[in-house]
Amino acid sequence: MTTTRSNPAKNLPTVAQDSWRRFLEAYEPLRTQLYRYCRYLTRSPWDAEDLTQDALARAFVTLARMGGQEPANPRAWLFRIASNLWIDEKRRPRELPAAAPEPAGVGAAEPRASREAAGTLLVTLSPQERAAVVLKEVFDFSLEEIAESLATTTGAVKAALHRGRGKLAEDPAPEATRAPVPAALDAFCAAFNAGDIDRLTALLLDSAVVEVVGATTQYGPEAARRTVLFGMLFGFQRLADPKARAFFDARFAEGALPEAPPRVEARLHRGRWLLLHWYQHADGEAVRAVTTLTLDGARVARLENYFYNPDFLLDLAGELGVPARVNGHRWWIPEVQS
C-alpha cells in the first residue's frame, strides 16, 4: 500500500499571505499614527514609509513568536518596534569611519504637522532624545509609556526629555534643486504615457525587481508585465468601474473616470527622481500613486510603486504642492464573516 504525503510547504505562501492580511486588518487603525511617528523620527516621507513598512513586518514576525499573547498596549508596542529599528539604524553609521551626514529638511501635508516638525524634529538631538520628545510632546505619551516604547526606564526618559528640550532648534527647510531628467526616466514616461506595455517591459533588466510597496514584489520583466505594469497602465479601468472593482475599496474610487488613462510626470524631490501618477477625476486631476526607478544605465534595475500608502502619498503631495487622492491601505477586500 502506497501512502501519499502532502508537501507541508505547498500552501505556505497562501497561509502566510492570509495571516499577513489579517494582521494588517487588525493593526490598520494604528497605521496612520505609526507613519506619523516614523515621520517625526526620520524627517523624510521616504524614510518614514520605509520605517513604517519595516516596523509592520517586524511586528508581524514578533507577534508570531509571542506564544499566543497579544501586546497589552498595541500602539506603544508598534512604536517600540519602530523606535528600536530606527535607533539601531542611526547607531550603525556612527560605527563606520566615513558616515554620510543625515539629510536635512522637513515638510508635511498640513500646516499643523509643519509647525510640529519645525518645533520637535531637530538635528541636534540624539535618536533616543528625539524619540522621547516626539512621544511626549506630539503623542502625549506618559513617562511609563515612553519607557515601554523605548525599552528603558522612566528615569532615563526624564533625562532624555531634559536634554532634548534643551537642544531645541529650527530644522532648515529643504532647498530646491534642479537637475536634468535622466534619459531612461524620460523613456519610461514616454512609454507609459503612450500606453505601450511592450516598451515599458523592454526597459526592465532581466534581473529587475518590481514592487508595489507593501503589497507585492515581482522578479523579472515578464512577471512584472503580467501584474504590476499592467495594473499601473490599465488598473484605472477597474478603479473607476464598480462592476470590475475586485480588489479595491469603493470608498476611495468616487469620481474616478474610466475613460481617461493616468499619465506620469517626472519630478525631483529631496534629491531623488520620482514619477507622479496623475489620474483623471470628475473634479480634475490628482496624484494617486508615485513610482521610483533605480537605473542601471539605460535600463531599470528596480521599480517601486507607492499606491496603497495613503499617509506617505498625502505627505509627499503636501511637500510638492500637488493635489492627491488616496487608495487606502488594502489591496484586497476583507472577507465578510457570517
The set of residues whose placed amide H lies less than 5 Å from the amide H of residue 208, leaving out same-chain residues fewer than 5 positions away, is 220
Just to be sure I understand the model, the point goes 7 Å from the Cα along the line to the Cβ. What's the resulting residue 66 to residue 285 distance in nm?
4.5
Contour minus end-to-end for residue 249 and residue 19, with contour as 0.36 nm per residue of separation and end-to-end as the Cα-Cα distance?
80.8 nm
When the Karplus curve 6.51 cos²θ - 1.76 cosθ + 1.60 is applied with θ = phi - 60°, which whole-Hz ³J(HN,Hα) does each residue of the range 320-325 get, with x for Gly and Pro?
7, x, 10, x, 9, 10
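Taking the highest mean first, how do the peptides 260-268, 272-280 order by number of other beta carbon atoms within 10 angstrom per residue? Each step should come with its number before you reach the end.
Details: 260-268: 16.8, 272-280: 19.7.
Descending mean neighbour count gives 272-280, 260-268.
Any read-out appearing in this document is the output of simple, stated calculations on the displayed coordinates, not a laboratory observation. Note that the structure is a prediction, hence the values are computed from the model and not measured. Using ideal geometry, Cβ is built from the backbone for each residue, glycine included, and neighbour counts are taken over all protein chains shown.
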